[in-house]
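This report refers to the structure that appears directly beneath it.
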Amino acid sequence: MIEVLKASAGAGKTHRLTGEYLELLFLKPYAFKNILAVTFTNKATDEMKQRILEELHNLSQPGVKSDYLEKIMDLTGKDEVRVRQQAKEILISILHDYTSFRVSTIDKFFQLVMRSFARELGKMATYNVELDQHSVLARAVDKMFAQLDDPKNRKLLEWLIDYSLEAVDKGSSWNVKGEILNLGSQIFSEEFKLAKEKCSRNFEDISIDEVAGMKSALKAQVEGFEKELASLAMEGLKCLAEAGMDPSGFKGGSRSPFFYFGKVVPKMGKTVVVVPSATFQALHDDISKWYTGKKCPADIEAVYPALNGVVGKIVSLFENGYRGYATAMVLLSNVNVLGILNDIYVKVLEYCRENNIILLSESTELLGKIIDGSDTPFVYEKIGAKLDHYMLDEFQDTSSLQWRNFYPLLQNSLAEGNRNLMVGDVKQSIYRWRGSDWKILKEDIYSQFREDELNDDTLEFNYRSCTNIVEFNNRFFEYCAREAQGLVALGGTDIVDVYSGQQQKVPQSRMEQKGYVEVDFIDAQEDDFYGLAVELLPSKIESLLQGGYSRKDIAVLVRTGREGNMVAEKLLESGYDVISSDSLYVASSKAVQKVVNVLREIDNPQSDSLRIMRMFQSIPEVEHISHYSLYQMCEAIVRESLTGEEKEDVAYLQAFLDLVLEFTNSKGTNI
């Protein structure tokens, strides 16, 4: 059975997950070895592990209250003393075999399976997982540019030039390399991976010559259609000229459909393809639509046979050939991009092979190729564990590829009659930018599993927020769904239906805590809006402080880094101390910046900058530390170059040294 738990924010999701996990632990000895609990972030993983261990500790201590004690007693039929004794035994067994306590991120689990299949993937078991796909992409693009002078890359050079000119014409950045990097980042998207699977052959096996041949074939199709249309348009004008007639002499006058010939006849050597109107198409084989009045004029009757034949050919041309023409035009506008992406993709694969690495973004796709069609027991055999129960948190953020990998494992679990749990909330699907698909939770699982295999449940109460906030959210989402229904295309899905059943209730214990919501509308253009909104912040914060709140109770949420910087600057101007996400970056530390700058200058000992820096601060002599490893260099710079005040930035410096050590373990110790 799979329990599908719909849980909005503050509904006690973690409490329920912990309870489900504890029930499985008490029903079977050492059950933790056969349970996989998966979530999407390391923080959520740590929180869940901590909650489970804390509750086991509470249950194991006589007299300590636990929300789960009575339920476990009812489930197991044991008295309190025996339940607490069993909790102690379970806790000790987990601590003694902690690696089998599988509460992890989805990526970590996939990496565990990947390691087991290293041989099948053609990788050494010691391969490294590369998280920084941007740096790999940058190296691949650098290599591509470096090889452009090779004669075999002449076509690629032409495509890059065309792409660059198109980017400039569209008003994009003059930084061509930056545009190519933005383009290349598409190869890491799930949409690209899914589209690549539909190719009849491996994408990386498509050669530059094949792409060039495809472009030539598309051009021929486009030119053939345009040439035939132009020829027919000129034939139509010729018929009119020979009859001494003008398009305005037909029904419609100045708006006569026969003016169509003049629209598509070549101008400056270029044919403008215009889809004929319904009125023009209705002219074919129906002379009554050619004139006004009761009787057909003699001149129209005379020109009708020849001109009707031309109209019929144009109508037939569009009925039989326009779809192919339009498709060719779309493909032709993107074929250069296809060629460039192909070369970047090949360069990325080469870099990964040469350095024995796997990109984290590629692991889900590679794992899918292994699991697809494989017996689930074989997967368990390779990872050295038998998993009976799956608990999937934040299920609304699961991507299509990730779900495809989990689906056969869940099927196997169901076939053995085991319990499983999926927890999610469609309206909290915030990772769509990296491929998450909320439709899996909303629709797909109900078509992939039988009705008797699923049990829907909803956590209705919000234990975190006050009454007014819960009621505001209920009304807000209901209103937005209704208003957005006609604005958002969801592939046939009713957006009101997506948000149905999302109403939350307030528990009786929190009914007296009303809370407060205020929405201010600012009537301004977009550029003015940010400035005006920021100006309101100091007064709003001051009113909250006067109302009894402390500064640590206040947070300002923004959508972009630019907005965050504007807010931080305004609050600092107003005398408020601010902690922002930027201020917590290791790179934001002045001490770390100084260490990096000194390293940069040491790498170029003849630079004037190094001599100038030595005039004002202590910098280790290059010859003294040239034999040091990168990590030792950093330690020497921290000891000798930083002031006492700078050394007080201990947390940032330690984090920086940890990153340097991690870097040297995989990339070498040379500066």
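The values are calculated or read from the model by the stated rules, or taken from the named source; none is laboratory data. Quantities reported herein were computed from a predicted structural model and do not represent experimental measurements. Cβ coordinates were reconstructed from backbone atoms using ideal geometry, including for glycine residues, and neighbour counts include every protein chain displayed. Surface areas here come from the heavy atoms of the whole protein model, side chains and all, with no ligands, DNA or RNA. Shrake-Rupley method; radii C 1.70, N 1.55, O 1.52, S 1.80 Å.
Would you compute the Debye intensity of the chain from its alpha-carbon atoms alone, equal scatterers and no solvent, and pass along log10 I(q)/I(0) at q = 0.06 Å⁻¹ to two decimals?
Here the Debye-derived log intensity ratios amount to -0.58.
When the chain is fully extended, how far beyond the present Cα-Cα distance does Gln147 get from Thr664, taking 0.36 nm per residue of separation?
183.2 nm
Is the range 518-581 best put as rounded, prolate or oblate by its Cα gyration tensor, with a ≥ b ≥ c the root eigenvalues, rounded for a/c under 1.5, and otherwise prolate when a/b is larger than b/c, oblate when not?
oblate
Run the quick spin-label model on Ser629 and Leu165: label points 7 Å from Cα toward the beta carbon, then report their separation in nm to one decimal.
5.3 nm
Between the alpha-carbon centers of the range 521-567 and the range 288-339, tell me the distance in whole angstrom.
A separation of 59 Å, based on Cα centres.
Ranking request for peptides 269-276, 247-254, 103-110: highest mean number of other beta-carbon atoms within 10 Å first, then the rest in descending order.
The packing order, highest mean first, is 103-110, 247-254, 269-276.
Rounded to the nearest 500 deg cm²/dmol, what is the calculated helix-only ellipticity per residue at 222 nm for the chain, with -39500 (n - 2.57) per DSSP H run of length n ≥ 4? Let's see the in-between values first.
Details: 27 runs with 374 residues, N = 671.
The helix contribution divided over the chain gives -18000 deg cm²/dmol.
Mind checking which lysines have their C-alpha under 17 Å from Lys28, skipping anything on the same chain fewer than 8 residues away?
Lys71, Lys78, Lys88, Lys386
Assuming 0.36 nm per residue, please report the length gained on full extension of the stretch Ala217 to Tyr479 beyond their Cα-Cα distance.
Numbers: separation 262, 0.36 × 262 = 94.32 nm, distance 5.12 nm.
Extra length available between Ala217 and Tyr479 comes to 89.2 nm.
What FRET efficiency comes out for Glu535 versus Val496 if R0 is 45 angstrom and r is the Cβ-Cβ distance? Round to the nearest 0.05. Show your work: numbers first, answer last.
On the way: r = 37 Å, r/R0 = 0.83.
My answer for the efficiency is 0.75.
Relative to the longest principal Cα axis of the chain, at what angle does helix 154-169 sit, 0 to 90 degrees, rounded to 10?
Long axis of 154-169 versus the principal axis of the chain: about 90 degrees.
Glu130's amide H: which non-local residues (gap 5+, or another chain) put their own amide H closer than 5 Å, with H modeled 1.01 Å from N in plane and none for Pro or chain starts?
Ile358, Leu359, Leu360
If each of Arg551 and Tyr585 carries a label point 7 Å out from its Cα toward its Cβ, how far apart are those two points in nm?
Inter-label distance under the simple model: 2.4 nm.
Report the longest stretch of the chain that contains none of the GluC sites (Glu not before Pro) sitting in a DSSP loop with at most 13 other Cβ atoms within 10 Å.
No qualifying site falls inside 121-415, the longest such stretch.
Solvent-accessible area per residue for the chain at a 1.4 Å probe radius, Å²? Mind showing how you got there, number by number?
On the way: 38070 Å² over 671 residues.
For the chain, the solvent-accessible area averages 57 Å² per residue.
Would you mind checking Lys108/Lys193; Lys6/Lys540; Lys6/Lys196; Lys108/Lys647; Lys347/Lys369 for any pair whose Cα atoms are more than 29 angstrom apart? Present the calculation step by step, with values, prior to reporting the outcome.
Details: Lys108/Lys193 20 Å; Lys6/Lys540 35 Å; Lys6/Lys196 33 Å; Lys108/Lys647 35 Å; Lys347/Lys369 21 Å.
As for pairs spanning more than 29 Å Cα to Cα, those are Lys6/Lys540; Lys6/Lys196; Lys108/Lys647.
What full-extension length gain, to one decimal in nm, is calculated for Ala282 and Glu204 as 0.36 nm per residue of separation minus the Cα-Cα distance?
My answer for the length gained is 23.2 nm.
Label-point separation (nm) for Arg464 and Lys71, each offset 7 Å from Cα along Cα-to-Cβ?
Reported label-point gap for Arg464 and Lys71 is 1.9 nm.
Label 7 Å along Cα→Cβ of Thr41; the range 442-476 residues with amide nitrogen under 19 Å?
463-465
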